[in-house]
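Data block below; observations after.
The values are calculated or read from the model by the stated rules, or taken from the named source; none is laboratory data. A quick note: this is a predicted structure, and the numbers were derived from the prediction, not measured. Reconstructed Cβ throughout: ideal geometry from the backbone, glycine too, with neighbour counts over all protein chains shown.
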């Protein structure tokens, strides 16, 4: 093996190690204090939520059932979307479920709900009931809720230190923490809406809340906690992500600022109808631009890991240089690669080649760089798909 090839192999092994790609995750960790802290708070939140749900179920069973089903579908769509955008060192499903459960039950019912009530009571005593009603939510929730969700990421780092290695990992897991928070919170809002007409039209009343929360949800808790948790990783640093204190604090503050503006819209607008229409639109646009920038910022390191892992495949003739650029590039780069096909069938085949290259990267990472039977099969699949040879019938 030449010195150049040896260097590529060394960088590949280092990238697999630094990224945590293919590492397994074990939830049950009886010797880890973080596990017991997580379990206690999540269990407390589950107990509180179930108690609230059962106390209202007899009266609002239809609305509760509809809201649970609708938000379950909403969560499934989001899960699919994250799998679509995260083609790199994907987190195990068990870890993402762990993050979801923290956001849905610990951050909401065990932490933020109590803290919000306490802070708004202090505001009412220190200022006035009217002032607390107008500004209490916007000056309490951004701090209590984002910190509560961020605390979950800290526990997850303690429970899965070999998996959470970069700000992008914080971004993805933060989004799942926010998803859990948002879905469980939205179910609670739907239950409250169901009683707005004395339960006479509970499904219709709840559906209005469900649809509204789904529409604005893209720029709500999911986004806030994704940005906040990416910033938190920058703040504390990880083995594959050097500390950037200024960047981390800026991202965390941005998430809290957007959250505070959203919760204070009524107080800011003060009955101005035009402002009430323009303000949420402006906040959503800014939030989407921010999350797009944070995604681009954090995914860069993941793409470099992909490049280091797959560079030996170019040297070995398995991948072409333009194919490596496509799998390490953004959506525009991949689209440009596919469009080079002479016809529709060729463009589809070029897309399948990229998919098979991603699968090969997974197999190489799982084998820690070794040439296992699964890795060899994945390499052969790249060649077969590129050549347009049909899959053998087993």
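In this structure, does residue 384 turn out to be over 30 Å from residue 221 (Cα atoms), surrounded by 13 or more Cβ atoms within 10 Å (Cβ to Cβ) and touching a helix residue (DSSP H, G or I) at 6+ places or on another chain (Cβ under 6 Å)? No; evaluated as a whole, the condition is false for this residue. Being modelled with pLDDT of 85 or more and either under 21 Å from residue 91 (Cβ atoms) or in the same structural domain as residue 103 (by TED's automatic domain parsing) (or both): is that true of residue 57 here? No; evaluated as a whole, the condition is false for this residue. Filtering the stretch 45-68 to residues that are free of Cβ contacts under 8 Å to residues at least 60 places away in the same chain and over 19 Å from residue 105 (Cβ atoms) leaves 58, 61, 65. Consider residue 162 carefully, then state whether it is at pLDDT below 95 and not in a helix (DSSP H, G or I). It is true that residue 162 is at pLDDT below 95 and not in a helix (DSSP H, G or I).
So which of 260, 231, 271 is closer than 26 Å to residue 116 by Cβ and outside any helix (DSSP H, G or I)? Show your work before the answer.
Numbers: 260 fails: outside any helix (DSSP H, G or I); 231 fails: outside any helix (DSSP H, G or I).
Answer to the selection: 271.
Looking only at residues in the stretch 266-289 that are surrounded by 15 or more Cβ atoms within 10 Å (Cβ to Cβ) and in contact (Cβ under 8 Å) with a residue 24 or more places away in the chain, the one that is nearest to residue 171 (Cα to Cα) is 287. Residues in the stretch 124-155 that are crowded, with 19+ Cβ neighbours inside 10 Å and touching a helix residue (DSSP H, G or I) at 6+ places or on another chain (Cβ under 6 Å): 16 in all.
Does any residue of the stretch 161-182 turn out to be free of Cβ contacts under 8 Å to residues at least 40 places away in the same chain, crowded, with 22+ Cβ neighbours inside 10 Å and more than 24 Å from residue 56 (Cα to Cα)? Looking for residues that are free of Cβ contacts under 8 Å to residues at least 40 places away in the same chain, crowded, with 22+ Cβ neighbours inside 10 Å and more than 24 Å from residue 56 (Cα to Cα), one finds none in the stretch 161-182, hence no.
Please pick out the residue among 72, 89 that is part of a helix (DSSP H, G or I) and out of contact with any strand residue (DSSP E or B) (no Cβ under 9 Å at 6 or more places or on another chain). Before the answer, list the steps.
On the way: 89 fails: part of a helix (DSSP H, G or I).
None of the other options fit; the residue is 72.
Among the residues of the stretch 225-233, is any touching a residue at least 12 places away in the same chain (Cβ under 8 Å), surrounded by 14 or more Cβ atoms within 10 Å (Cβ to Cβ) and touching a strand residue (DSSP E or B) at 6+ places or on another chain (Cβ under 8 Å)? Among the residues of the stretch 225-233, at least one is touching a residue at least 12 places away in the same chain (Cβ under 8 Å), surrounded by 14 or more Cβ atoms within 10 Å (Cβ to Cβ) and touching a strand residue (DSSP E or B) at 6+ places or on another chain (Cβ under 8 Å), which makes the answer yes.
Quick one: which residue in 378, 361, 326 is under 24 Å from the mean Cα position of the chain (by Cα), crowded, with 20+ Cβ neighbours inside 10 Å and more than 30 Å from residue 219 (Cα to Cα)? Reasoning before the result, please.
Details: 378 fails: under 24 Å from the mean Cα position of the chain (by Cα); 326 fails: more than 30 Å from residue 219 (Cα to Cα).
None of the others qualify; the one that does is 361.
Screening the stretch 237-256 for residues that are closer than 15 Å to residue 150 by Cβ and either in contact (Cβ under 8 Å) with a residue 60 or more places away in the chain or not assigned by TED's automatic domain parsing to the domain that holds residue 153 (or both) and picking the one that is surrounded by the most Cβ atoms within 10 Å (Cβ to Cβ) gives 255.
Among the listed residues 191, 252, 214, identify the single one that is touching a helix residue (DSSP H, G or I) at 6+ places or on another chain (Cβ under 6 Å) and under 15 Å from residue 290 (Cβ atoms). Break it down into steps so the answer makes sense when it comes.
Working: 191 fails: under 15 Å from residue 290 (Cβ atoms); 214 fails: under 15 Å from residue 290 (Cβ atoms).
The conditions single out 252.
Taken as a whole, the condition of being touching a helix residue (DSSP H, G or I) at 6+ places or on another chain (Cβ under 9 Å), buried (at least 18 other Cβ atoms within 10 Å of the Cβ) and within 16 Å of residue 155 (Cβ to Cβ) does not apply to residue 60.
Rundown of residues vs (1) touching a helix residue (DSSP H, G or I) at 6+ places or on another chain (Cβ under 6 Å); (2) surrounded by fewer than 17 Cβ atoms within 10 Å (Cβ to Cβ); (3) assigned to a helix (DSSP H, G or I), yes/no style:
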site: 24; (1), (2), (3): no, yes, no
site: 34; (1), (2), (3): yes, yes, yes
site: 66; (1), (2), (3): yes, no, yes
site: 100; (1), (2), (3): yes, no, yes
site: 112; (1), (2), (3): yes, no, yes
